[in-house]
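Here the structure is laid out as structure tokens; the discussion comes afterwards.
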Amino acid sequence: MARAQRLATWRHWSVAVLLMVPLLSCSGGSDPEPSGPRPPRSVPSLPSVADGVSQLGVPQLVNLVVTNGVVTGVPDVVEVKINAPVRLTVLSDTAAVLLVRGYDVRVQLTVGQPAQVEFLAGRTGDFDVVLESSGLVLTTLQVS
């Protein structure tokens, strides 16, 4: 196809598009307003996403970060319901063994790698979460 033919074709398409734009944007006038007062809009009452969903079996998350012997991310005491699953996630700058006293739950901590341990809080009382070698108390699980 010669250049002149391509330009002519392009011009024809350009003109066609330009003529169609006003037609597409025309609304043809406004919609007629209904007579009389408008009924009030009702907003349906939507249930919560969690309605009817049991929390049984969903682990309670306890996330800890240990840096230079200082614990962040968790309060000194964490309340836990009896027979609830608990998932501890710990990130430490020191290689150590994490121990949940009274449950005899242990997990090896590797520097810079998050470690997780999950267990069932089946006994009531206060249970310290410690670094086994240093005895540093990270938090206390208060199971009731």
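Say we look at region 60-115 and pick out the residues that are of a type in the set (A, V, I, L, M, F, W, C) and not in a strand (DSSP E or B); which of these is surrounded by the fewest Cβ atoms within 10 Å (Cβ to Cβ)?
Keep residues of region 60-115 that are of a type in the set (A, V, I, L, M, F, W, C), which gives 61-62, 64-66, 70-71, 74, 77-78, 80, 82, 84, 86, 88, 90-91, 95-100, 105, 107, 109, 111, 115.
From what's left, not in a strand (DSSP E or B): 74, 82, 95, 111.
Values: Val74: 18, Ile82: 12, Ala95: 12, Val111: 10.
Only one residue tops the list, namely Val111.
Just one of the numbered conditions (1) at pLDDT below 95; (2) surrounded by 13 or more Cβ atoms within 10 Å (Cβ to Cβ) is not true of Phe127: (1).
In region 128-142, the qualifying residues are those that are among the β-branched types (Val, Ile, Thr) and within 11 Å of Pro75 (Cβ to Cβ), and the one that is farthest from the chain's Cα centre (by Cα) is Thr140.
The values are calculated or read from the model by the stated rules, or taken from the named source; none is laboratory data. Bear in mind the structure is a predicted one, so any value in this text is a computation, not a measurement. Positions of Cβ are backbone-derived with ideal geometry, glycine not excepted, and every protein chain shown enters the neighbour counts.
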